[in-house]
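Engineer: Shown below is the structure under consideration.
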Amino acid sequence: MTDLPQGTEHHRYLIIGAGPAGLQLSYYLQQAGSDYLTLERAAEPGEFFRRFPRHRKLISLNKVHTTSTDPEIRLRWDWNSLLHTPADLPFANYSREYFPSADDMVRYLGDFARHHGLAVRYDTTVELVSKTDDGFLVRAGGRLLHADCVVWAAGWGRPNVPDVRGIEHAIGYEDMSTDPADYADQRVLILGKGNSAFETASAILGHAAMIHLASPRPLRLAWNTKHPGDVRGHHGAVLDSYQFKTLHSVLDCVIDEIRPVGDKYEVRLTYTHADGETAVMEYETVLRCTGFAMDTSVFADNCRPGTVPSGRLPATRPDWQSVDVDGLYFAGTLAQDRDFKKASSAFIDGFRYNLRTLTALLRERYEGAPLAYEKVAADAEALTEVVLDRVNWSSALWTQFEFLCDALVVDAAAGVVRHYHDLPEDHAVARFGGESHYYTFSLRWGRDAYNDVFAIERHPQPDRAAESAFIHPVVRRYRGGELVEELHLLEDLLAEWRRQDRHVQPLREFFAADLGR
């Protein structure tokens, strides 16, 4: 046991940050009766949303009007509510807009924390996190705290500033004016081609004389990638203006230098797809919209987490734990490296489910609470019913497609199957790697490259289900860590996988043949 200074406060779990991730995890630990404390440097929850997005319109959907009255199904199109039972504080009470305001999110998060009486200590800045023999020592708000486990849910800590000569002459997204009139008749270069760049371009489109959005890699459109963090369709006016010869442009290029010349800027660039062609362009304003990165400066040398190659995100294990600091976990938008640009772990509608699972994994490790499962008869009829019930109902599998799965572990001797819910698939494979017969099932998109995603040839035959382009159920059989078999079920326009010929019968036959081996 580490000798601690007198007066050190101890908690089993310390959560750093009271944004949506910190509040969601706080809620689950509180419901479980766990010993936790959440530290927040601001006076209220949701500090990030008080500043961002700068033009105050969220890109997270708020589909209030649906044909379903089932709260679980409705969560598939409610990207903003935190999970809680009973669901008596839905985000729809705060906004009816399809793309709500960030101010609505600020109000919602504050009410969520108060409504549930969460143990959040505000106005408490974390100054240092260091590792001890049996946990962590955290200096925050003039006090020392000790914890068995630290969960970092503080979100982005600093702007991501690219290594460009003269980048100091670009105005950061975090500091730029949001008054479109300030860009009237100007030539504006926006560094970046993500949603913050397009948000900015959309806001000044009718005022600037010329807008160029620039980055080395091609534009990623969400309707092609299926990833909600890529450029969304409501920014289409910017792309229209590019194609309609207004001099607004989207450039694939490397920015070599930004140089002030008088009251303008000369920008030297090299085009990415033009045989090394270079150019010198002139602008009145250069804006930096290149996203954010994690700030690791508060971590002592003995627990500074490793990051992914870009340095923007922590590198995590299948249980959201740091790859090289035992007991340090990540929650929320920072915990997305394992499904980066795939599922929705960067967003509330994705990480709220991750955190439900993380709570179970933390309690298993630190409190000895076994990971919950249900027992199902090891026969084809029962397993078919379980799989179809879950894929037709679960909002977790719907939102965290290709990342979260359910696992079915076969105990042939006992004639039962253990059914685990909402596990990251890489965690399930690692966890059950010693089992000779288990399945995962999840929802997946078709991953073929399509020339036109709005004109895809479909093949509605059950034996061609693997060619489905739309989201659809996929069952995988593993032997140890080896994937040995995979079954796709046909896509459905209304995401209702119940047809006897297309879904029930193929799945039943798959299980019957497999269980008989």
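Engineer: If Lys and Arg each add +1 and Asp and Glu each add -1, what is the summed charge of the other residues whose beta carbon sits under 13 Å from the beta carbon of P71?
Structural biologist: -2
Engineer: Let me check against my output: what whole-number percent is the relative contact order of the range 1-62, with C-alpha pairs under 8 Å and at least 6 apart?
Structural biologist: On the way: 44 pairs, mean separation 20.5, N = 62.
The value is 33 percent.
Engineer: R0 = 25 Å: FRET efficiency of D448 with V484, Cβ-based, nearest 0.05? If you can, show how the numbers build up before the last one.
Structural biologist: Details: r = 23 Å, r/R0 = 0.92.
FRET efficiency, D448 to V484: 0.60.
Engineer: Now for a different question. Tell me, what ³J(HN,Hα) does each residue in the range 396-410 have, in order and in whole Hz, if you take phi through Karplus 6.51 cos²θ - 1.76 cosθ + 1.60 with θ = phi - 60° and put x for Gly and Pro?
Structural biologist: Values per residue, Gly and Pro as x: 5, 5, 5, 6, 9, 3, 6, 10, 7, 9, 9, 10, 10, 9, 8 Hz.
Engineer: Label points 7 Å out from Cα along the Cβ direction at H55 and H459: separation in nm?
Structural biologist: 4.2 nm
Engineer: Report, in debye and to the nearest 20, how large the dipole of the chain comes out about its Cα centre when Lys and Arg carry +1 and Asp and Glu carry -1 on their Cβ.
Structural biologist: Its charge dipole is roughly 340 debye.
Engineer: If you take every residue apart from R338 with its C-beta less than 10 Å away from the C-beta of R338, what net charge results, scoring Lys and Arg +1 and Asp and Glu -1?
Structural biologist: Around R338, the charge tally is -2.
Engineer: Using only Cα atoms, locate the centre of the range 330-392 and the centre of the range 408-472, then give the distance between them in Å, rounded to an integer.
Structural biologist: Computed from Cα coordinates, the inter-centre distance equals 14 Å.
Engineer: Using packing as a proxy for protection, rank 210-222, 38-50 so that the peptide with the highest average count of other Cβ atoms within 10 Å comes first.
Structural biologist: The peptides rank, most packed first, as 38-50, 210-222.
Engineer: Now for a separate question. Quick check for you: with a 1.4 Å probe and neighbouring chains kept, what is the accessible area per residue of the chain, in Å²?
Structural biologist: On a per-residue basis, 44 Å².
Engineer: In whole angstrom, and with the biggest value first, how far do the Cα coordinates of the range 216-341 range along each principal axis?
Structural biologist: 54, 37, 28
Engineer: Put +1 on the Cβ of every Lys and Arg and -1 on every Asp and Glu Cβ in the range 303-405; which of L358, P305, V387 then has its Cα farthest towards the positive end of the dipole?
Structural biologist: Projecting each Cα onto the dipole axis, the largest value belongs to P305.
Engineer: Compute the signed sum of charges (Lys and Arg +1, Asp and Glu -1) over the other residues within less than 9 Å, Cβ to Cβ, of P424.
Structural biologist: Working: positive: R338; negative: D319, D339, D422, E425, D426.
Surrounding charge for P424 is -4.
Engineer: Mind jotting down the three principal axis lengths of the range 231-297 based on Cα atoms? Whole angstrom, largest first.
Structural biologist: Over the range 231-297, Cα extents along the principal axes are 39, 34, 30 Å.
Engineer: To continue, here is another question. So, in nm, how far is label S130 from label S68 when the simple model puts each one 7 Å beyond its Cα toward the Cβ?
Structural biologist: Simple spin-label model gives 5.0 nm for this pair.
Engineer: Could you give the Stokes-Einstein D for the range 338-454 in µm² per second, using the C-alpha Kirkwood radius, 25 °C, 0.890 mPa s?
Structural biologist: Values: Rh = 15.4 Å.
It diffuses with D of about 159 µm²/s by this estimate.
Engineer: Using a 1.4 Å probe on the protein heavy atoms, what percent of the accessible area of the chain belongs to carbon and sulfur?
Structural biologist: Carbon-and-sulfur percentage of accessible area, whole number: 50.
Engineer: Could you work out how far the C-alpha centroid of the range 279-324 sits from that of the range 63-141, in angstrom?
Structural biologist: Centre-to-centre (Cα) distance: 24 Å.
Engineer: What does the highest-first list of 16-25, 389-398 look like by mean Cβ count within 10 Å?
Structural biologist: The densest-packed peptide leads the list: 16-25, 389-398.
Engineer: Binning at 20 Å from 0, report for the chain what percent of all alpha-carbon pair distances ends up in each bin.
Structural biologist: Cα pair-distance distribution for the chain, in percent: 20, 50, 28, 2, 0.
Engineer: Another one. Order of 95-105, 478-488 by packing, highest average Cβ count within 10 Å first?
Structural biologist: 95-105, 478-488
Engineer: How high is the relative contact order of the range 280-382, in percent, with contacts defined as C-alpha pairs under 8 Å that are six or more residues apart?
Structural biologist: 14 percent
Engineer: Stick to Cα atoms and the Kirkwood definition of Rh, then tell me Rg/Rh for the range 84-158. If you can, show how the numbers build up before the last one.
Structural biologist: Numbers: Rg = 16.8 Å, Rh = 15.3 Å.
Over the Cα atoms of the range 84-158, Rg/Rh equals 1.09.
Engineer: Determine the gain in length on full extension of the stretch A279-R114; use 0.36 nm per residue of separation and subtract their C-alpha separation, reporting nm with one decimal.
Structural biologist: Using 0.36 nm per residue and subtracting the Cα-Cα distance, I get 53.9 nm.
Engineer: Under the 0.36 nm per residue contour assumption, what length would be gained going from the current alpha-carbon distance of R220 and D103 to full extension?
Structural biologist: Working: separation 117, 0.36 × 117 = 42.12 nm, distance 2.78 nm.
Between R220 and D103, full extension yields 39.3 nm more.
The values are calculated or read from the model by the stated rules, or taken from the named source; none is laboratory data. In this text the structure is predicted, and so the values were computed from the model without any measurement. Note: ideal-geometry Cβ built from the backbone for every residue, glycine included; neighbour counts use all protein chains shown. The protein model used for the area step is the full one, side chains on, heavy atoms only, and it has no ligands, DNA or RNA in it. Shrake-Rupley method; radii C 1.70, N 1.55, O 1.52, S 1.80 Å.
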